[in-house]
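As structure tokens, the structure follows; a few thoughts come after it.
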Amino acid sequence: MRTRVIDVVAVVAAIASAALTLLPWVDVSPLGLPIRWNGLGIYIGEHGDHYGGLFTGLVNGTPGWVVLIASIAAGGALLGASRVRVLGFVACGCAVVAFLSAVLCLAYPAVLAGDAKNELGISVVPDRQVLNSWALIAEAASTGVLVVCATLIVAKRKRAVSEPSTPQVNRQS
């Protein structure tokens, strides 16, 4: 695959990963309560202008902010990695942090739900039931693509630097 295509896919994955944090990650709607929070911990349910201040901060938004910042940082670092080689490694690190944060939320839903269930009076409901798994699976997939692309970019550029270039013989007739 050409390096330019991998660069474009990586930047698109970084943008998609950042945008997916705006989807609801915690959703209590299946339980009959029209209450949702996005990955940043911001209430996005019904009557947000009225209840927004009351419900904001009820769920943990830290993992979503980590994914957002790390994805944008990885995408930005990949754009500059063609000129500054160390930025490729920075991009890999940021992509891995974003991926692990998304996977952590999938593996341990209590990281996101936190005290929200107790505050809403639904503490007996399993944490997994209030999690919007599809949004988090999409987030993990996009950050996974970002990790793979960043790794490929670093590996290709590292290989290109380590391979000696063969001198061209200039023949004049």
Index of the failed condition, Trp25 passing every other in (1) over 12 Å from Thr143 (Cβ atoms); (2) outside any strand (DSSP E or B); (3) modelled with pLDDT of 85 or more: (2)
Of those in the range 109-156 that are assigned to a helix (DSSP H, G or I), touching a strand residue (DSSP E or B) at 6+ places or on another chain (Cβ under 9 Å) and of a type outside the set (Val, Ile, Thr), the residue modelled with the lowest pLDDT is Ala116
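Going by what's in this entry, would Gln172 be described as in a loop (DSSP other than H, G, I, E, B) and at pLDDT below 90?
Values: in a loop (DSSP other than H, G, I, E, B): yes; at pLDDT below 90: yes.
The answer is yes for Gln172.
Which count do you get for residues in the range 28-37 that are over 25 Å from Ser142 (Cβ atoms) and assigned to a strand (DSSP E or B)? It would help to see each step written out before you state the result.
In the first step, residues of the range 28-37 are kept if they are over 25 Å from Ser142 (Cβ atoms); the result is 31-35.
Narrowing the set further to residues that are assigned to a strand (DSSP E or B) leaves none.
Here the count works out to 0.
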Failed item in (1) modelled with pLDDT under 85; (2) in a helix (DSSP H, G or I); (3) among the acidic types (Asp, Glu), with Asp7 passing the rest: (1)
When you scan the range 82-90, do you find a residue that is modelled with pLDDT of 90 or more, closer than 21 Å to Ala135 by Cα and out of contact with any Ser or Thr (no Cβ under 7 Å at 6 or more places or on another chain), even just one? no
Between residues in the range 68-91 that are without any contact (Cβ under 8 Å) to a residue 60 or more places away in the chain and residues that are surrounded by fewer than 16 Cβ atoms within 10 Å (Cβ to Cβ), which pairs lie under 7 Å by C-beta distance while being six or more apart or on different chains? Leu87/Gly80
State whether the residues of the range 104-125 include one that is more than 30 Å from Gly32 (Cα to Cα) and either of a type in the set (Asp, Glu) or crowded, with 23+ Cβ neighbours inside 10 Å (or both). no
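The values are calculated or read from the model by the stated rules, or taken from the named source; none is laboratory data. Everything numeric here is computed off the predicted structure, so don't read it as measured data. We place every Cβ from the backbone using ideal geometry, glycine too, and count neighbours over all the protein chains shown.
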